[in-house]
């Protein structure tokens with residue numbers, strides 16, 4: 001395929017950087033504010049994100065190799081090799097969060113070039129930018145076969161356009177955990193060997209050496225962050241919800257870019273400490289943030305949040321006193337990686353890949369997903385579920401109707417399903433979604 | 001042997017060819033059918049030919065799932081597949097994988113098995129799939145109280161290879177400038193092979209090939225290749241040929257991708273099956289070093305050259321992310337080589353034929 005000449009200035013990256021730098025500067029003054037002021041999230045997240053965005057330019061200046069990866073690959077591996085970890089989905093999602101129309105232009109360009117309207121915009125945004133010469137170019141790529149066909153094929157497209165060495169990682173259908181009904185003893189060695197191969201691949205194409213010590217160091221940081229994340233998951237079971245509805249997904253985004261460096265720890269720790277603080281004082285986020293209001297209902301957002309309007313969660317808090325305790329991406333279950341031996345480290349990383357939010361639920365049989373939803377509904381005392389089905393995710397939509405019935409049978413909790421494109425408001429806009437949620441609340445819940 | 005005999009086999013299920021044995025349906029060309037045959041069962045490919053509704057399937061799958069899955073699920077839920085003794089499903093694509101989740105809960109067959117197919121064809125992946133085939137073998141043996149010996153399996157492999165050889169010789173004849181078979185008829189023959197006993201099919205095809213030269217010459221003005229994912233309805237081919245072209249070859253999972261590669265008869269049969277199925281001309285789901293887009297492109301390029309193809313029609317089932325993405329790359333690459341291409345989005349259940357006809361007609365005019 002024809003090579004694209006890339007410019008030094010990348011509009012996609014610049015747009016994100018500009019937006020989040022302004023946000024960071026606005027938030028930074030509140031950084032040390034007490035929790036009781038009801039901060040929606042800590043400025044530390046914005047600082048981490050802006051540092052991450054800036055680091056790409058530094059990498060370019062210094063000639064540090066850039067590795068593009070999809071959201072199922074642990075960034076610790078790249079940090080251990082001193083390679084810049086360019087998470088493609090973070091670029092596409094962050095651009096959508098930046099609430100500009102730039103991402104829509106990229107979607108249009110990708111579709112004009114022949115990609116289908118129903119293919120996932122988490123990759124199409126980037127491809128549209130590539131076609132405009134407005135996206136950074138990696139030196140090599142690493143991506144996994146799952147959680148969806150869209151990732152699989154659109155990474156093939158990006159690899160062809162970039163024409164760079166690409167490592168593909170095969171995630172199996174079965175489970176590594178002996179307690180799971182789909183357990184298969186082959187899964188761990190099959191995947192751990194591939195993680196070893198990723199390391200060799202990074203060493204070769206990143207012109208670097210990944211020592212065990214370095215790997216231990218980067219995994220050590222993500223382990224600490226994961227421990228805080230797991231503690232936070234436990235604390236979210238408290239009623240009323242001690243954290244804002246946006247907190248879990250922000251933690252997810254932080255871990256996507258910073259697992260492997262100390263900055264990953266900051267936001268997860270803030271979530272843990274903030275939740276603990278409110279629980280000790282016997283208050284919830286809603287009562288502390290909105291006067292004269294208490295948490296009335298607890299929602300589980302079964303699929304990915306609305307990236308073009310993340311404040312939908314906030315609107316639900318204000319309008320119905322609903323806390324969205326968790327969303328699928330915010331449900332962190334990655335266990336710390338055992339650092340006691342080289343083999344254990346690779347096995348732990350292999351498990352981490354399968355436990356990445358969305359890969360955890362979507363890579364295999366429906367039961368992986370169903371078990372999580374049922375467990376969350378029961379453990380977190382959820383009143384209802386909302387399934388905002390992203391049109392790019394055919395695997396999710398295909399089981400929504402069946403799962404709604406099974407969730408109700410197993411927990412008695414209703415699920416509302418509607419379609420949207422999480423990255424493009426032109427498909428279904430915020431106003432329409434709010435109307436649907438309002439109707440659901442009035443007809444079923446209130 | 002008349003071509004009509006093959007057409008009998010591609011009627012809506014169950015056909016008269018599905019009456020003599022217990023029938024096992026499978027969703028994908030990555031199913032090692034030889035093993036099912038060696039268990040004394042009849043393997044057929046799931047299809048929705050002749051079925052015109054998806055309403056019940058739609059109540060489970062979404063409108064963003066492909067109509068092949070919605071059609072077959074609809075049929076299963078309406079008991080139209082109750083003649084099957086079992087179903088084998090795979091993680092071929094998101095649509096099929098999730099269709100299986102729905103079947104499992106809503107209409108579980110008597111026998112069912114799921115194959116985890118790797119996306120690679122590395123030695124580790126081949127070992128993985130070998131184990132999967134062994135698990136299927138054990139499951140069939142216990143469920144049907146039969147021993148699948150190596151000898152039985154080798155016999156089945158031989159039979160299926162014979163079928164592939166015969167079909168490839170049919171493809172060979174379509175390389176010639178003077179054609180004695182239309183693409184529609186050739187496709188009917190190939191599909192028939194997925195829906196009947198291979199012993200009977202091989203016999204029928206052998207006799208057909210023996211009389212091939214006696215067939216009248218086919219008039220055509222352009223030679224076309226059809227590329228896609230899942231096409232099992234001859235009407236799509238007929239539409240192209242009714243406009244004066246002839247479909248001389250293809251690259252999709254009911255055509256050459258099903259037929260092309262042989263199972264090595266000299267190797268351990270299960271390992272040979274694993275190797276053949278993982279290393280065959282790859283589906284767009286495959287991303288391994290030796291089974292990826294480059295391999296698919298090389299295959300299509302060789303087909304274009306060998307079959308003297310004037311233009312390529314890419315058919316894609318709506319909402320098929322995998323094929324849609326692969327077509328996207330392939331069309332750009334073929335354009336760079338100066339090969340005329342047309343991309344047609346379609347539904348599994350035939351619809352919008354007049355619009356499709358207009359587009360094909362315009363394409364054929366460009367070729368002229």
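The numbers here are math on the coordinates, done by the rules we state, and not lab data. Since we're looking at a predicted model, the values are computed, not measured. All Cβ positions, even for glycine, are placed from backbone atoms using ideal geometry, and neighbour counts span all protein chains on display.
One table, with the values for the structure above:
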| quantity | calculated |
| --- | --- |
| Least to most buried among B:52, B:357 (fewest other Cβ within 10 Å first) | B:52, B:357 |
| Relative contact order of segment B:6-104, defined on C-alpha pairs under 8 angstrom at six or more residues apart (%) | 31 |
| Most mobile listed residue (A:423, A:358, A:311) in chain A, GNM with C-alpha springs under 10 Å | A:311 |
| Dimensionless Rg/Rh of segment B:149-258 - Kirkwood Rh, Rg from C-alpha atoms | 1.00 |
| 0 to 90° range, to nearest 10: angle between helix A:212-235 axis and chain A longest Cα axis | 10 |
| Computed E for residue B:294/residue A:31 - FRET, C-beta separation, R0 56 angstrom, nearest 0.05 | 0.65 |
| Least to most buried among A:292, B:238 (fewest other Cβ within 10 Å first) | A:292, B:238 |
| Candidates A:254, A:48, A:411, ranked by Gaussian network fluctuation over chain A, Cα under 10 Å, top entry | A:411 |
| Segment B:220-368: antiparallel DSSP beta bridges as a percent of all, rounded to 5 | 5 |
| Relative contact order computed over chain B (Cα-Cα under 8 Å; 6+ residues apart), in percent | 19 |
| Most mobile of A:219, A:28, A:386 in a GNM of chain A (Cα contacts under 10 Å) | A:28 |
| Rounded to 5, percent antiparallel among DSSP beta bridges of the protein assembly as shown | 0 |
| Centroid-to-centroid separation of segment B:204-255 and segment A:118-182 [C-alpha atoms, Å] | 36 |
| Estimated FRET transfer efficiency when R0 is 35 angstrom, pair residue A:434-residue B:355 (beta carbons, to 0.05) | 0.40 |
| C-alpha long axis of helix B:94-106 to longest principal axis of chain B, angle in ° | 40 |
| Share antiparallel - DSSP beta bridges, chain B, percent rounded to 5 | 5 |
| Set of segment B:264-308 residues, backbone N closer than 17 Å to the point 7 Å along the Cα-Cβ line of residue B:367 | B:300-308 |
| Segment A:235-264 residues near the modelled residue A:290 label - backbone nitrogen below 12 Å, point 7 Å along Cα→Cβ | A:245 |
| Residue order, fewest to most surrounding Cβ atoms within 10 angstrom, among B:347, B:336 | B:336, B:347 |
| In degrees, nearest ten, helix A:187-205 long axis to first principal axis of chain A (Cα) | 50 |
| Estimated [θ] at 222 nm from DSSP helical runs (n ≥ 4, -39500 (n - 2.57)) normalised by residues in the protein assembly as shown, nearest 500 | -16000 deg cm²/dmol |
